[in-house]
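The values are calculated or read from the model by the stated rules, or taken from the named source; none is laboratory data. All of these numbers come straight from a predicted model, not from anything done at the bench. FYI the Cβ positions are ideal-geometry reconstructions off the backbone, even for glycines, and counts take in every protein chain you see.
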Amino acid sequence: MVPVDPAFPDVLRAAHNLKVLKIRETEFLLKQSPGLSDAIISLSKLVSVDFHFGGDATALVIHSMQSTPRRLAVEFIESTPGVLPSFTRLSNLPNLHSLDLHSARIIEPTEPDVRHSWPSARELRLQSCSGSMSVFVQAFPNLRVLSLSNVSSGTSQGEPITACWPRLEKLSARLPRDLEQWRITCPVHYLLYGNAITYGDEVENVCLGIRNSTPIVLSLSIVATFVQCWTNIVKDNPRLRALHLCLIDRGRYYGPGPCNLSAWMDHVLPVLGESKVMFLRLEIVGLPPVEYRDVDEVIAERYSTRLASEVPALQCLALEIIPNPADNIWPTESQRRGWWWQIINDNGTRKLVSIPRRKGMRVQDYMTSVAFEPSMTSIEALLH
């Protein structure tokens, strides 16, 4: 580690109008320079604070800050996870809007009178954190955005369902087990799964998460068809209106198997035909080389026509071909090949009308926002 410049605390203390503060190796710096803690605490106009590699000294600084930032992000040292008993170290942050925690353990208080609440908080992001969901519900009752990545409730099977967030808009889960540990049972507008869904036990957790949250917009990546899961999704979630799906050819990444696109078309598409899905964006990763060379015919003539005819509620469709990622680097937008269509009814015939990508993205952005109402039966106005 590089020694702390002795003048740094004084320089920081003199920055009276500082609005944004980001410090790496926070715990190390605080212990190397005792004056640094007082300098940070003295700042009164911070609106965004990031502490990387924090610990107990970092938590004490947060508790004592004169500033009341709207955004706070703390990544604790993973080898010694930070402990925030009942969030008492955050008790002086009445304007908190967004909180990001990494590697934090939250201990539930035993005394009801020491529990705190931050009704101003709207966004919460947790990575590798442990704590009871009920404590977070009580602490942040008005959340709109919740992002979970490798969270633990402290029990192997998750905790019993007690309460939830009635106004939750967007829910992101990197792993299917995140929504097993934290069983979100309130309706959400937008549900996003980060990692590709591969195995049977993951599918069960995904189906449970979708059934519990009944999203209007669903985004996920899958490796197999999981027909029964889709049947349950359509049956148990009549609110579903938009689907952003990444299909990954299982033979390319997970051993021999049929092309996932063909299997999905054959087995899942008839199920979606019973849904009220109005918007479908289908990303296809890892098509066999022969099919990729003939992609125009495959996309324009075979799959798009079939999608339009077999999903009667569909009004906007996108198909994108994504090259195989090289060295785990995901292709950029310019490396993709994509087609967007509006689907119209012309004297009882379903027709595909090509539209610019920007129009399709406008529809997607609108439907993923809470301004979209599931009772809406047409999105034609958005396509003009």
Within segment 25-37, is there a residue that is hydroxyl-bearing (Ser, Thr, Tyr), under 16 Å from ARG71 (Cα atoms) and not in a helix (DSSP H, G or I)? no
Tally time: how many residues in segment 10-26 are surrounded by fewer than 16 Cβ atoms within 10 Å (Cβ to Cβ) and either touching a residue at least 40 places away in the same chain (Cβ under 8 Å) or more than 20 Å from ASP100 (Cβ to Cβ) (or both)? 6
Name every residue in segment 350-381 that is more than 13 Å from LEU314 (Cα to Cα) and surrounded by fewer than 11 Cβ atoms within 10 Å (Cβ to Cβ), in order of residue number. SER354, PRO356, ARG358, ALA371, GLU373, SER375, ALA381
Looking only at segment 207-232, count how many residues are within 15 Å of the chain's Cα centre (by Cα) and within 21 Å of THR185 (Cα to Cα). 9
Condition set surrounded by fewer than 19 Cβ atoms within 10 Å (Cβ to Cβ) and among the aliphatic types (A, V, I, L, M), scope segment 40-76, selection farthest from the chain's Cα centre (by Cα): answer is ILE41
Examine segment 286-298 for a residue that is in a helix (DSSP H, G or I) and modelled with pLDDT of 85 or more, and state whether such a residue exists. no
With the condition kept exactly as written, say whether any residue in segment 172-190 is part of a strand (DSSP E or B), of a type in the set (Gly, Ala, Ser), closer than 24 Å to GLN315 by Cα and at pLDDT 90 or above. no
Yes/no for LEU21 being farther than 22 Å from LEU143 by Cα, part of a strand (DSSP E or B), modelled with pLDDT of 90 or more and out of contact with any Gly (no Cβ under 7 Å at 6 or more places or on another chain): yes
Can you name the residue in segment 349-375 that is closer than 24 Å to ARG306 by Cα and among the aliphatic types (A, V, I, L, M) and is also nearest to the chain's Cα centre (by Cα) among such residues? MET367
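Looking only at strands (runs of 3 or more DSSP E) that lie completely in segment 305-384, which have at least 3 residues being more than 21 Å from VAL268 (Cβ to Cβ) and modelled with pLDDT of 80 or more?
Qualifying strands (runs of 3 or more DSSP E): 337-346, 349-354.
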